[in-house]
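Enquirer: Can you read through this structure? Questions will come right after.
The values are calculated or read from the model by the stated rules, or taken from the named source; none is laboratory data. Bear in mind the structure is a predicted one, so any value in this text is a computation, not a measurement. Backbone-built Cβ (ideal geometry, glycine too); neighbour counts: all protein chains shown. Protein only, heavy atoms only, side chains kept; ligands, DNA and RNA dropped before computing areas. Shrake-Rupley method; radii C 1.70, N 1.55, O 1.52, S 1.80 Å.
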Amino acid sequence: MRFDFVVAAVAASVLSFAGVTAAQQPIVIKFSHVVAIDTPKGKGADYFKKLAEERTKGRVKVEVYPNSSLFKDGEEMEALQLGSVQILAPSVAKFGPLGVREFEVFDLPYIFDSFEELHKVTEGPVGKKLFQKLESKGITGLAFWDNGFKEMSANKPIRMPADYKGLKMRIQSSKVLGDEMKALGAIPQVMAFSEVYQALQTGVVDGTENPPSNFYTQKMHEVQKYLALTDHGVIEYAVIVNKKFWDGLPPDIRTTLEAAMKDATKYANDIAKKENDDALAAVKASGKTEILTLTPAEKAAMKKALVPVHKENESRVGKDTIAEVYKETGFKP
Ligand code: LMR
């Protein structure tokens with residue numbers, strides 16, 4: 001056999017082997033989030049992974065990174081735009097720094113009374129419009145996922161607006177939430193979720209707001225003496241993907257993943273309320289944090305102090321967006 005023929009044959013077989021290997025390499029999707037595995041979002045992400053891998057028969061591999069183990073707040077949006085991670089599910093309170101302030105409409109105090117009202121927005125025209133605003137940022141919105149209603153915590157009983165005076169309260173990076181704390185006479189401190197436990201423990205901040213599932217799974221009950229059931233707002237997530245990556249997927253894979261996302265969304269939203277009820281029961285059972293149920297008069301006082309935040313943020317969030325949400329939820333300022 002001629003030498004050059006052997007070389008060509010070997011090269012061809014190496015190339016074809018490489019081709020086969022390349023064809024068998026799964027498409028890797030990194031899905032990064034900041035909460036514990038045992039939360040509505042943590043479980044939703046794991047369920048999406050399971051469905052995506054099963055239904056694509058291994059052509060897609062989803063690597064879920066919980067608890068800020070890959071990226072934390074303040075890093076993850078940029079990482080998504082750069083393509084270092086493919087899927088995120090940040091709270092909608094974290095979209096302001098990206099330049100889409102309309103997402104902060106969800107942070108307006110008391111704008112939602114129930115999950116039903118919330119879903120009219122997330123599953124209706126407002127939700128669609130918000131997602132359209134992401135496209136120019138290189139991001140595609142896939143779904144909205146629920147967590148739950150937020151409660152306030154501190155190391156002193158917080159029942160009335162006056163009780164918040166001078167407290168340093170950790171918030172997410174939303175101006176609306178900053179105004180909310182200021183309306184109570186508190187001092188807002190923007191901080192990454194991964195740093196909250198330690199900040200509460202060391203007294204860098206005095207208190208915070210979050211649904212029970214986050215409060216319990218981050219062990220905040222170990223470092224907060226009171227949890228007031230204010231239900232003054234929600235934590236809602238937008239599941240987002242790098243647009244270029246998503247558009248570049250083989251169409252059959254993308255269709256399968258869209259269906260998997262739809263089913264994972266239903267699953268995450270179906271478990272959200274129970275996860276929070278269970279977490280609240282666990283906080284109670286720990287005996288470490290006292291749960292404060294507000295009287296109707298205390299609730300009314302909190303609402304009176306906080307609703308003016310809507311008007312203050314009209315120009316930031318958009319008068320039209322606020323009006324559209326009012327229309328869906330029936331909220332009357
Ligand atoms: C927070 O930062 O408090 C929340 O957005 C965390 C989360 O993702 O639920």
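Enquirer: Report, in cubic angstrom per residue, the convex hull volume of the C-alpha atoms of region 92-242.
Expert: Cα-based convex hull of region 92-242, divided per residue, equals 101 Å³.
Enquirer: Round to a whole number: what % of the accessible area of the chain belongs to carbon and sulfur, probe 1.4 Å?
Expert: Looking at the chain in its full context, I get 56 percent from C and S.
Enquirer: Further, regarding this structure: Plugging the Kirkwood radius over Cα pairs into Stokes-Einstein for region 46-112, at a temperature of 20 °C and a viscosity of 1.002 mPa s, what D comes out in µm²/s?
Expert: 153 µm²/s
Enquirer: Just the number, please: Stokes-Einstein D of region 123-178 in µm²/s, Kirkwood Rh from C-alpha pairs, 20 °C, 1.002 mPa s.
Expert: It comes out at roughly 144 µm²/s.
Enquirer: Okay, next question. Considering the Cα trace of region 18-162, what is its radius of gyration and what is Dmax, both in angstroms?
Expert: So, for region 18-162, Rg and Dmax equal 17.9, 69 Å respectively.
Enquirer: Considering just Cα atoms, how many Å³ per residue does the convex hull of region 219-263 enclose?
Expert: So the per-residue Cα hull volume is 140 Å³.
Enquirer: What area, in nm² and to one decimal, does the C-alpha convex hull of region 96-153 cast on average over all directions?
Expert: So the mean shadow area of the Cα hull is 4.6 nm².
Enquirer: Report, in debye and to the nearest 20, how large the dipole of the chain comes out about its Cα centre when Lys and Arg carry +1 and Asp and Glu carry -1 on their Cβ. Intermediate results must be reported in sequence, preceding the final value.
Expert: Numbers: 45 positive and 44 negative charges, 42 e Å.
Using only the charged Cβ atoms, the result is roughly 200 debye.
Enquirer: Just the accessible area per residue of the chain, please: how many Å² with a 1.4 Å probe?
Expert: Value for the chain: 45 Å² per residue.
Enquirer: Also: Kindly work out what percent of the DSSP beta bridges joining two residues of the chain are antiparallel, to the nearest 5. Working shown, then result.
Expert: Working: 18 of 35 bridges.
Around 50 percent of the beta bridges assigned by DSSP in the chain are antiparallel ones.
Enquirer: Let me check I have the definition right: for region 144-209, take the eigenvalues of the Cα gyration tensor, multiply each by 5, take square roots. What are those semi-axes in whole Å, largest first?
Expert: Semi-axes, largest first: 18, 15, 12 Å.
Enquirer: Per residue, what volume in Å³ does the convex hull of the Cα atoms of the chain enclose?
Expert: 146 Å³
Enquirer: Mind checking the angle between helix 296-306 and the chain's longest principal axis? C-alpha axes, 0 to 90 degrees, to the nearest 10.
Expert: Approximately 70 degrees, to the nearest ten.
Enquirer: If you don't mind, another one. Considering the options ASN210, PHE245, TYR47, tell which one lies farthest towards the positive end of the dipole of the chain, charges being +1 on Lys and Arg and -1 on Asp and Glu at the Cβ, about the Cα centre.
Expert: Of the listed residues, the answer is PHE245.
Enquirer: Right, another one. Dividing the alpha-carbon radius of gyration of region 180-219 by 2.2 N^0.38 Å (N being the number of residues), what value is obtained?
Expert: Ratio of Cα Rg to 2.2 N^0.38 Å: 1.18.
Enquirer: 7 Å from Cα along Cα→Cβ at both LYS156 and ARG316: what's the point-to-point distance in nm?
Expert: Going by the 7 Å Cα→Cβ label model, 2.6 nm.
Enquirer: Let me ask something additional. Rank LYS244, LYS273, LYS61, LYS150 by accessible area, highest first, at a 1.4 Å probe radius?
Expert: LYS244, LYS273, LYS61, LYS150
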